[in-house]
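The values are calculated or read from the model by the stated rules, or taken from the named source; none is laboratory data. These numbers were taken from a predicted model, which means no experiment stands behind them. Neighbour counts run over all protein chains shown; Cβ positions are idealised from the backbone, glycine included.
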Amino acid sequence: MNTRLINFTFIVVTLMSFGFFVYAGSSLEVGKVSRLRSPVTILEIGKRAARELKQGDVVTNGSSILSGEKGFAIISFYNGHQMTVSPSSKVLVAQEKKNDPEVVQLLMGKIRASVRPDLEQKQEKFFIKTRSAAIGVRGTEFQSSFNPSNSVTTLLTFSGKVAMNKVDEKSLPSAGGSFDVIKLKETLSATSAVTAKTGDYAGTAGEKMVAPVKISPVQLTLLKMSKEEEEKKEIPKEELEKEIAKTKDEYAKIVTEKEDKKEETKASDIRSGGLVDLATGFYIPPTEKSEFDKVTNVFVQKGDIGTLKGDGSYVPPIGLKIDALKGFVVDEEKKGKDSSELAQKLNGEIKKQILPVHIKSKLEDEISNPYEKYYRHE
């Protein structure tokens with residue numbers, strides 16, 4: 001046999017073997033699908049096509065999960081954590097070794113997670129990263145969203161504390177790997193990082209960041225009580241009022257703790273007590289007419305900034321729509337005589353969160369969406 005042919009065959013076999021071991025090493029089982037509503041697909045390392053995800057399926061390191069408009073998946077990790085992938089969301093799950101922290105790359109949409117605290121080591125057990133933020137969790141319940149249109153990442157803490165910092169997407173390597181976790185820890189221990197406590201919203205879009213600010217206790221209560229796996233039904237008035245009172249008590253407790261400990265935290269320069277639109281990632285603060293409640297440390301809204309649905313999702317004022325790049329725009333079908341003025345006023349409130357329109361080049365789109373470039377979904 002020709003010597004060159006033998007050498008070429010040896011190289012091909014070696015490379016194939018190396019590839020096999022890379023994939024084998026990447027097939028660590030990290031959890032299972034405990035509940036699901038279709039459509040949800042999963043793309044695993046080494047596969048060139050996504051498949052339909054089913055309840056009871058195992059989720060392995062490096063898997064990419066995509067939910068449809070009405071689909072969701074609850075992932076129960078083997079270390080006790082739980083994550084809900086909401087409708088119209090895409091995540092990549094990574095855990096290099098057993099007992100290592102999970103790293104979830106949120107590519108679009110929203111996730112909600114409950115992370116079991118590590119009482120012994122007291123360190124981050126769960127990380128999230130997007131193109132504009134890094135989030136680290138030791139033990140709490142929270143939700144996070146990412147809008148790829150404007151690169152806005154939001155964090156909303158239901159209980160406990162969550163660390164967050166803005167990042168340059170090029171500064172963090174891809175999910176999966178010890179270096180990745182080390183880099184995330186460094187980012188979250190930097191002086192620029194913030195800590196979001198119960199009821200806090202924090203948001204980041206590139207170089208812009210909203211320091212933690214308490215949202216309306218009504219919205220926090222509705223969001224906390226609403227879960228993807230449950231049927232959307234109206235919460236009885238008495239039950240809702242009781243839960244809102246509990247939320248206000250938690251807000252008041254945090255105020256007292258800060259005073260007792262004489263804590264100095266990074267204060268937001270926008271009014272607390274506002275509403276969050278999770279679709280765009282924008283926080284809409286109360287107007288200047290609002291009254292400040294010293295007990296809960298939030299403003300009580302006086303003026304029209306929008307309303308809430310029963311599940312806690314934001315509804316713009318009648319006559320307006322909210323756009324991920326433009327902010328508030330007039331709804332031509334429902335506009336009133338004051339709609340344009342109100343849109344301008346509300347945009348003034350969220351102007352620090354609005355980014356200039358950025359049109360991606362073809363090359364940039366390919367780099368930021370490698371799965372869409374190299375894999376197809378079935």
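May I ask you to say which residue of 312, 273, 327 is under 21 Å from residue 112 (Cα atoms) and crowded, with 19+ Cβ neighbours inside 10 Å? The unique qualifying residue is 312. Yes or no: residue 235 modelled with pLDDT under 95, surrounded by 11 or more Cβ atoms within 10 Å (Cβ to Cβ), β-branched (Val, Ile, Thr) and over 22 Å from residue 317 (Cα atoms)? So residue 235 passes the test. So, in segment 276-295, how many residues would count as being touching a residue at least 40 places away in the same chain (Cβ under 8 Å) and either over 18 Å from the mean Cα position of the chain (by Cα) or assigned to a strand (DSSP E or B) (or both)? Of the residues in segment 276-295, 8 are touching a residue at least 40 places away in the same chain (Cβ under 8 Å) and either over 18 Å from the mean Cα position of the chain (by Cα) or assigned to a strand (DSSP E or B) (or both). Screening residue 278 on (1) out of contact with any Ser or Thr (no Cβ under 6 Å at 6 or more places or on another chain); (2) under 23 Å from residue 86 (Cα atoms) shows it passes everything except condition (1). Under the condition of being in a loop (DSSP other than H, G, I, E, B) and either at pLDDT below 90 or of a type in the set (Lys, Arg) (or both), the residues counted in segment 193-224 number 2. Just checking, does segment 32-42 include any residue being part of a loop (DSSP other than H, G, I, E, B), in contact with a strand residue (DSSP E or B) (Cβ under 8 Å, 6 or more places away or on another chain), in contact (Cβ under 8 Å) with a residue 60 or more places away in the chain and surrounded by fewer than 16 Cβ atoms within 10 Å (Cβ to Cβ)? No: zero hits. Put simply, of 26, 67 the only residue that is within 23 Å of residue 92 (Cα to Cα), small (Gly, Ala, Ser) and at pLDDT 95 or above is 67.
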